[in-house]
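The values are calculated or read from the model by the stated rules, or taken from the named source; none is laboratory data. Because the structure is a prediction, the values reported are computed rather than measured. Positions of Cβ are generated from backbone atoms using ideal geometry, with glycine treated the same way; all protein chains shown enter the neighbour counts. All accessible areas refer to the heavy atoms of the entire protein, side chains included, with ligands and DNA or RNA removed. Shrake-Rupley method; radii C 1.70, N 1.55, O 1.52, S 1.80 Å.
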Amino acid sequence: MPMVFSGSRVFCDDLDILRESKEMNSLLLANHGSRVDWMVGMLCGFLMGQIGDQRYRRIRVGFVCEAIIQYMPIIGWYRRCVCDDVFVSRSFGKDQVKIESNIHQFQETGTERMLFLSPEGVVVDHGTHDKEYIQACREFCRSQGYAPFEYVLTPRYKGSNCLVKHVEKVGGPVISICVAYVRNGRLLNCKLSSPERVIADLYLLNQGFMGGSPVDIYISLARLPIKSTNDDVKKVLMNDYRRKDWVLKTWDKQLKHGLMEQTWTKQYKEVISDRQELLVYHALHAIIIIATMFCLGIARFFFKFAGNLFLVIMCGHIMGKRMISASMESVPFETCTKSLFIFSSKLLDMVRQMKTRNAKKKEF
């Protein structure tokens with residue numbers, strides 16, 4: 001819904017690849033430039049109509065996400081119970097069985113989907129831990145013979161071979177996606193070290209609906225030669241991320257020099273969405289829910305619950321943002337939940353440090 005009301009537009013540099021990804025099972029490996037990447041994926045999967053000279057169809061969309069998302073109220077529960085996404089803990093030893101089981105279930109039922117994964121695994125902000133992780137990624141690049149990436153983190157390659165099985169059975173494509181978020185003529189996901197870097201999330205996206213400037217989304221696509229038996233998946237992904245780093249660097253340069261309407265942007269075509277149809281879908285969902293509440297005689301309770309839920313989300317986000325000085329809202333309650341985890345982790349570290357100091361004093 002935010003993608004519909006915010007006024008955001010989606011552009012793509014290769015509509016043929018986008019159409020191909022919607023014809024059968026496909027695996028899409030994207031950079032993690034925002035907290036609304038999943039909404040871009042949902043929109044691309046939902047759209048149907050004409051791409052270039054050919055028709056394209058609607059297809060189910062799934063995601064490989066961090067395990068904590070499944071516990072988030074409403075959307076997290078929906079993604080877990082209805083969409084059956086793949087939830088991972090970033091430990092391939094623990095996650096391999098979950099991934100293979102999920103892929104097998106979909107293949108057994110013949111259900112096709114676009115499966116999205118961000119190999120970077122995390123979105124970095126401007127905190128101390130984030131800066132340390134960026135530096136670790138730069139050092140890893142040097143150790144592998146690459147110039148340090150400036151706009152993307154290094155990909156986590158373990159488990160990628162396993163995910164390729166999602167497409168191999170039907171000969172589906174593995175596609176690289178580089179997403180650039182542009183607002184008011186500037187690149188939001190600019191250099192990782194830049195203080196001007198902005199991580200787009202639900203609240204930033206919704207500013208377009210509230211009278212602010214919308215975020216335009218530019219997608220660069222390329223096919224990837226990855227197979228489940230490929231022993232050199234690390235090299236393939238590192239080369240791909242070098243390409244993504246170059247794409248974002250070019251975007252940054254073009255925008256800073258005021259070349260927005262020059263040759264670079266002309267290669268991108270708008271992915272036309274039928275906003276009226278999307279609005280009708282949302283309206284029908286709302287009507288069905290409200291009608292059901294009236295039929296059950298709990299409409300008054302429902303509206304009271306919805307109002308209180310909105311207040312809880314608002315207060316939780318404000319509290320969480322004050323605790324960590326950042327908004328992390330890819331789904332409602334995420335900023336609040338993650339801020340509590342971060343605060344608890346810091347508190348435990350402080351307690352451990354105090355115990356260590358006290359133990360050392362006792363030794364003396």
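Take the residues in the stretch 313-328 that are open to solvent by 60 Å² or more (accessible area, probe 1.4 Å) and part of a helix (DSSP H, G or I); name whichever of them is farthest from VAL4 (Cα to Cα).
Looking at the filtered set, the residue picked out is MET323.
Evaluate the stretch 109-122: report whether one residue or more is surrounded by fewer than 16 Cβ atoms within 10 Å (Cβ to Cβ) and over 23 Å from CYS44 (Cβ atoms).
no
Please give the number of the condition ILE298 fails out of (1) without any contact (Cβ under 8 Å) to a residue 60 or more places away in the chain; (2) within 24 Å of ARG79 (Cα to Cα).
Evaluating ILE298 over (1) without any contact (Cβ under 8 Å) to a residue 60 or more places away in the chain; (2) within 24 Å of ARG79 (Cα to Cα) leaves (2) as the failure.
Can you find a residue that is under 30 Å from GLY110 (Cα atoms), in contact (Cβ under 8 Å) with a residue 12 or more places away in the chain, touching a Ser or Thr at 6+ places or on another chain (Cβ under 9 Å) and assigned to a loop (DSSP other than H, G, I, E, B) anywhere in the stretch 184-203?
no
Kindly indicate the residue of the stretch 9-36 that is open to solvent by 30 Å² or more (accessible area, probe 1.4 Å) and not in a loop (DSSP other than H, G, I, E, B) and also nearest to ILE175 (Cα to Cα) among those meeting that condition.
GLU20
What are the residues in the stretch 110-160 that are closer than 16 Å to PHE63 by Cα, more than 17 Å from the chain's Cα centre (by Cα) and not small (Gly, Ala, Ser), if any?
THR111, GLU112
Looking at the stretch 259-312, which of the residues that are acidic (Asp, Glu) and at pLDDT below 80 is most open to solvent (accessible area, probe 1.4 Å)?
GLU261
Would you point out the residue of the stretch 25-48, among those that are over 26 Å from MET238 (Cα atoms) and out of contact with any strand residue (DSSP E or B) (no Cβ under 7 Å at 6 or more places or on another chain), that is modelled with the lowest pLDDT?
The extreme case among them is LEU47.
Under 8 Å between Cβ atoms, which residue pairs at least 6 apart in sequence (or on different chains) link something in the stretch 122-147 that is under 22 Å from ALA200 (Cα atoms) with a partner that is of a type in the set (Asp, Glu) and in a helix (DSSP H, G or I)?
From the stretch 122-147, the pairs are VAL124/ASP130.
What are the residue pairs meeting all of these: first residue in the stretch 77-97, first residue on the phi > 0 side of the Ramachandran plot, second residue at pLDDT 80 or above, Cβ atoms under 8 Å, and 6 or more apart or on different chains?
Hits for this filter: ASP84/GLY62; ASP84/ASN102; ASP84/GLN105; ASP84/PHE106; ARG90/GLU66; ARG90/GLY121; ARG90/ARG156.
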